[in-house]
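The values are calculated or read from the model by the stated rules, or taken from the named source; none is laboratory data. A quick note: this is a predicted structure, and the numbers were derived from the prediction, not measured. Don't worry about glycine lacking a Cβ; one is built from the backbone with ideal geometry, like all the others, and counts go over all protein chains shown.
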Amino acid sequence: MAVTQLEITSRRSLANGRKFGDVGEYEEVVGILRFAVDPNHEANSRITDINLAPRNDAGLVEFAADVHVMRPVEASKGRRTIVYDVLNRGNKVMLGTFNSAGRVAVVAGEDPPAEVGNGFLMRHGYTAVWCGWSPDAPRLAGRMKLYAPDAIDRGMPITGRIFSQFQPMSRVRHLRLADRFHTPHAAADTLETNALLTVRDQPDLEPRLVPRNKWSFALEDHGVPVEDANFVYMADGFEPGKMYQLTYTSIGAPVVGLGYLAMRDAVSFLKYGGADDNNPTAGEIDRAIAFGVSQSARYLRHYLYMDLNLDEAGRDVFEGVFPHVGGGMRGEFNQRFGQPSKDLPSVIAQMFPFTAAASTDPVTEETGGVLDRLTERGSATRTFFSNTGAEYWRGDASLVHIDPSGRADVEDHPSTRVYHFSATMHGPGIWPPTDTQEIDGMRGQNLLNSVDYTPFMRALLVRLDEWISDGTPPPPSKHPRVDDGTAVPAASLARAFEGIPVKFPAHIPVPVRLDFGTTEKQEQTLNLPPTPSEVYGSLVSDVDDDGNEIGGITHPDVSVPLATSTPWNLRHPSVGAPDQIIGLTGGPRGSTLPFAGNAEERAASGDRRPSIAERYASKEQYLGLVQEKAQALVADRYMLEEDVERVVTQAGVRWDWFTNGRGE
């Protein structure tokens, strides 16, 4: 077995011994997993540069990763199913997604924000697992990472070209050579003359070259630039909102693809390892579902594309995979000089194929699908791809189920479903509405989208579990389509927003085919910066008369609206680039555009949308309609009965906010 040791550093009751429904108490186990894998084994052969990793005396490649397990104390009451949360830049995600942990309570008497939130995963008996997979995750409190060796060629670290992007929110004179906070790839030569810095106003517009004498590899210290291989400096300052791209030579390439083996072999160990191996879940697990959000969803799409799901014993590790808000992208998760935390559009993440079933790119004439390798070997792994409207407006989500030309639907692969959450943004809606996201300070021109789609996530997890455990087919895919006219070009919706007091985006970027000159297995990029060619056929959902999307699963907050909820928002002038959609870098954000309270207010603002008073006779009538829509979602199996009361109660809170001064 690839896991050689589980070093347990902490073992204790979860949430001070709290009992979770009929399942009872949980315990959490924290530690370090140590691995040793055979670089010559077929199961590991697709890991880039594994043959260049240092080996121990037995010829095996060693690495380690942080691990965290939450398991029911009485295993017989559990679900016998692991839900594995692919960490996002070292952070746990699924407790917020499924358990609403850490979210602001909007209902009186709700569980207070805490690590386990409302306890959904625990009440349903799931075993929750996390394992570090990214070597560039920062060593900050609460974050987990992979400890991977560097590739070594003839006794020396590898040197090669690398491509990075930055988009500051304020005028600064230096930037770290990393998207967000991940560990940077240092410049091999701070005086490199062939290094290129470009700037552009939109990701799909032509870049402008910044002269080499205008910038340097340095950071500012008390107003003075100090040479530093981990930073780029410009005396004139980097403009907020502009998109900068830097191509340079770096030294030292961690074998980032070992993160996939850490994930695979950690879960294999927990499923198949015995008590003698110090396995805390020995004999308790029959199935495993991999779940990931955003970066982590792209990570799972790449895992499926490479079919790394077989362990060294030839066993499927995950029976279910659930990538959420990954759109059509993958990423640099198994690439020399790969930057796993890079998530910007117009980078190598946006490469064919996009659909699960095979499709053909009419420009390159390539044919293929993300699941080709799994299909070829007859894998029974089931997959749900879910996205919000924000990933469609980012430009890539429609490519998951529409061909690259944007002209024809691609039907589901037999082992997949595709779901779109109408009129929602990248993350669950923010309540109470605000124009600024606290986590990163990003500010929008409109209030941020406030629709909480987490009830859909809980239902889909249960539906996926049912599909893999007893063969119950899940509800049908639901998303915009070409054949029924619900999938349309984003720019065509400008007319739909006339008469609504909002600035419609003047420029809507679309993904571009980029030639990185990759090797056959996409293990290396040889052409940097990449050469752009034709755009992909990117589409979004059509909207109703209020401007709310219609081509997907519709939350009662959208089908019985108090506002127009868009998947897009424009950057506020204070963070630069006010003509850009938020989320061309980082997580896309949407808008909440409240309806007027009554006809007089509507007329005064020039708003063509009927006011709240013109739509609903009373709060009671409104809540009755919300109840009906929620029960219809339960009947269609897109929502669980246990969430209906909470959705209705939340709707009451929304009514009070939208009708009583809107939080003022």
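In contact (Cβ under 8 Å) with a residue 12 or more places away in the chain and under 21 Å from Ala423 (Cβ atoms): is that true of Leu570 in this structure?
Against the criterion (in contact (Cβ under 8 Å) with a residue 12 or more places away in the chain and under 21 Å from Ala423 (Cβ atoms)), Leu570 qualifies.
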Original post:
If we keep just the residues of the stretch 165-197 that are of a type in the set (Val, Ile, Thr) and touching a strand residue (DSSP E or B) at 6+ places or on another chain (Cβ under 8 Å), which is farthest from Tyr147 (Cα to Cα)?
Top reply: Val172
Original post:
Which ones in the stretch 488-518 are under 24 Å from the mean Cα position of the chain (by Cα) and at pLDDT 95 or above?
Top reply: Val488, Pro489, Ala490, Pro505
Subject >> Number of the exception - Gly441 against (1) in contact (Cβ under 8 Å) with a residue 40 or more places away in the chain; (2) small (Gly, Ala, Ser); (3) surrounded by fewer than 23 Cβ atoms within 10 Å (Cβ to Cβ); (4) outside any loop (DSSP other than H, G, I, E, B) >> reply: (4)
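Taking the stretch 444-459, which residues are part of a strand (DSSP E or B) and among the hydrophobic types (A, V, I, L, M, F, W, C)?
Leu447, Leu448
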Subject >> In the stretch 188-220, the residues that are at pLDDT below 95 and surrounded by fewer than 20 Cβ atoms within 10 Å (Cβ to Cβ) >> reply: Arg200, Asp201, Gln202, Asp204, Leu205, Glu206, Pro207
**OP:** Hey, can you tell me all the residues within the stretch 607-647 that are within 25 Å of Ser100 (Cα to Cα), in contact (Cβ under 8 Å) with a residue 40 or more places away in the chain and among the hydrophobic types (A, V, I, L, M, F, W, C)?
**Re:** Leu625, Val626, Ala630, Leu633, Met639, Leu640, Val647
Original post:
Can you tell me which residues in the stretch 376-401 are farther than 24 Å from Arg589 by Cβ, in contact (Cβ under 8 Å) with a residue 40 or more places away in the chain and not in a loop (DSSP other than H, G, I, E, B)?
Top reply: Arg382, Thr383
Original post:
In the stretch 269-295, which residues are more than 24 Å from Leu461 (Cα to Cα) and either polar (S, T, N, Q) or assigned to a strand (DSSP E or B) (or both)?
Top reply: Asn278, Asn279
Original post:
Just to be sure, is Val462 aliphatic (A, V, I, L, M), in a loop (DSSP other than H, G, I, E, B) and in contact (Cβ under 8 Å) with a residue 12 or more places away in the chain?
Top reply: no
Original post:
Would you call Asp557 over 24 Å from Leu399 (Cβ atoms), part of a loop (DSSP other than H, G, I, E, B) and touching a residue at least 24 places away in the same chain (Cβ under 8 Å)?
Top reply: no
**OP:** Look through the stretch 58-70, keep the residues that are within 20 Å of Ser13 (Cα to Cα) and surrounded by fewer than 24 Cβ atoms within 10 Å (Cβ to Cβ), and return whichever of them is farthest from the chain's Cα centre (by Cα).
**Re:** Met70
**OP:** Hey, can you tell me all the residues within the stretch 197-230 that are closer than 13 Å to Arg176 by Cα, in a loop (DSSP other than H, G, I, E, B) and in contact with a Pro (Cβ under 7 Å, 6 or more places away or on another chain)?
**Re:** Asn230
**OP:** Look through Thr183, Thr190 and report the one residue that is under 23 Å from the mean Cα position of the chain (by Cα), in a loop (DSSP other than H, G, I, E, B) and free of Cβ contacts under 8 Å to residues at least 60 places away in the same chain.
**Re:** Thr183
**OP:** Might you check whether a residue that is surrounded by fewer than 18 Cβ atoms within 10 Å (Cβ to Cβ), acidic (Asp, Glu) and not in a loop (DSSP other than H, G, I, E, B) occurs anywhere in the stretch 467-483?
**Re:** yes
Subject >> From Arg139, Arg143, Arg180, Arg161, residue being at pLDDT below 95, in contact with a Ser or Thr (Cβ under 9 Å, 6 or more places away or on another chain) and within 30 Å of Asn16 (Cα to Cα) >> reply: Arg139
Original post:
Across the stretch 554-594, what is the total count of residues that are of a type in the set (A, V, I, L, M, F, W, C), more than 20 Å from the chain's Cα centre (by Cα) and over 18 Å from Phe497 (Cα atoms)?
Top reply: 3
Subject >> Residue selected from the stretch 409-428 under the condition assigned to a loop (DSSP other than H, G, I, E, B) and in contact with a strand residue (DSSP E or B) (Cβ under 7 Å, 6 or more places away or on another chain), by the criterion surrounded by the fewest Cβ atoms within 10 Å (Cβ to Cβ) >> reply: Asp412
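Could you look through the stretch 16-43, keep only residues that are assigned to a strand (DSSP E or B) and of a type in the set (Val, Ile, Thr), and pick out the one that is nearest to Leu261 (Cα to Cα)?
Going through the qualifying residues, I end up with Val37.
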Original post:
For the stretch 168-201, how many residues are of a type in the set (S, T, N, Q) and in contact with an Asp or Glu (Cβ under 8 Å, 6 or more places away or on another chain)?
Top reply: 2
